[in-house]
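Have a look at the structure below before the remarks.
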Amino acid sequence: MHRAEALLDQIGKLVQRIDKTETALRDREAELSTIVAFSNHSAPSKELAARLESVLESTARSIGAVAAALYLLDEDTTSLKLRASYALPKSRFLSPARDLPSSLADLEALTGNAVLLSDIQAAREWHSPEPYRSALVVPIGTTSMPHGTVWFWSDRVRSYGASEIEVANLAAGRLMGEIEQSILGAEVTTARQLAKHLDAAADFQNSLMADRQILHEDFDLGGWSHQQHLIGGAFHHWNLNQQGKLSVAVGAANSNHATGSMVATSALTLLQAFERIYPLGPETQSARLSHSLRSAIQAINVQHCNRNQDTWQLNMTALEIHPASGSAVACSAGLMHCVILGDQGIRHVGSAIRPLGSNPDDPCKLGRFTIGSGEMLVAFTSRMLGESSLDSRNPSTSLQRFDVARMFKFLRDWREEPAQDLASSIAEQLPALDELESAPSDRALIILKNLR
């Protein structure tokens, strides 16, 4: 007796588990109704399932039907899956999807016509998914795209009038509206969450950029980096490394948006790590000046090459300056320009190599130079002024509008102004970035003045 009671108790628990599983499956199918063919986002499944079932129930009662079901096409439009129902066993949600080519009634309804099956037994070729006596089938979808069918069944042979067909079509519209409203609500929530994540990412990226602090009394620094969107691949950076040298970097990734931001953040993180390294041993000033910079550039190059993606390539000018003497080393990788403006005119400084991330075996060449008293170093991304080349001998052949020639003339005419004011003025004269532009266009600029 006890064994029988225990068995009955176990059977009861099993039935409860099955019922819970079927209920969860019903909710999941309602959730999937907002995903399949409509959106990648989903609404709260329980609420949506209840609303869809309510529409089916009220409509079925109004037209004298005893059961109803919503079937939606899969992404390949080859089968129809039950997504919501009224007065059908919950186990129906476990059934496999129905093959569309063999579902004649559904095919006819998907063309935009209501299908009347007054006697299902006499029209078995129409393949009703449920064994009732009669049915009404209407399409559900948007004005431009069918998405599925809605079935209403009756337990007796009967016909459906024009008013009942109209009620069924209105119900299909209501079902579509519920699904679209759920999609919209989910997308609004997702958009808000995405905006918060973007704000946090932008704050973190901005924290890596240079601030306005004075690093050395003899040098004035200014600059900016502008992205197409909230985050991007442009960056500008300056700092005093462990050797007391000015460490300066400016550049932009070969990608925009989130990928560009990851590329820039990766480079800045590595650069700052090497700035904190103090080389040991009796090295000369010149050797110490180039040691950490060369190591940083090589590390960035190898790190980005390991991604095996062109999107991780980086355009960057990096330099180190000995404040006491003005001696410096610099390297420009990819689409960058680094020049010095002085009494003797314009001269290119540093070395030029391929974009970082092109080849892990590329050598890191550093160009040595000196920034003299009263001279100004300007480093910027080539994209800042377009694709034209920088010709110091004949700068008037560069871009139209605010081109290289105008920028250099502006810097000479106003060279007594603070570096940050000069950089900001240049930014104001550049055309606004186009947020819809697909090609990378993030840009950055740094100006360094020797005040001695």
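The values are calculated or read from the model by the stated rules, or taken from the named source; none is laboratory data. Just so you know, these numbers come straight off a predicted model, no measurement behind them. Don't worry about glycine lacking a Cβ; one is built from the backbone with ideal geometry, like all the others, and counts go over all protein chains shown.
Contact map, the range 324-353: residues that are charged (D, E, K, R) paired with residues that are crowded, with 17+ Cβ neighbours inside 10 Å and modelled with pLDDT of 95 or more, Cβ distance under 7 Å, separation 6+ or inter-chain. Pairs shown: Arg347/Val339; Arg347/Ile340. Residue count for the range 115-141, restricted to those that are of a type in the set (A, V, I, L, M, F, W, C) and surrounded by fewer than 19 Cβ atoms within 10 Å (Cβ to Cβ): 4.
Residues in the range 273-324 that are modelled with pLDDT of 95 or more and small (Gly, Ala, Ser): Ala318 only. Scanning the range 419-441 for residues that are in a loop (DSSP other than H, G, I, E, B) and polar (S, T, N, Q) yields Ser438, Ser441.
Please work out if Ser163 is assigned by TED's automatic domain parsing to the domain that holds Leu70 and either in contact with a Lys or Arg (Cβ under 7 Å, 6 or more places away or on another chain) or closer than 30 Å to Ala444 by Cα (or both). When the stated conditions are applied, Ser163 does not pass them. Filter the range 394-419 down to residues that are of a type in the set (Val, Ile, Thr) and either modelled with pLDDT of 95 or more or buried (at least 16 other Cβ atoms within 10 Å of the Cβ) (or both), then give me how many there are. The qualifying residues number 1.
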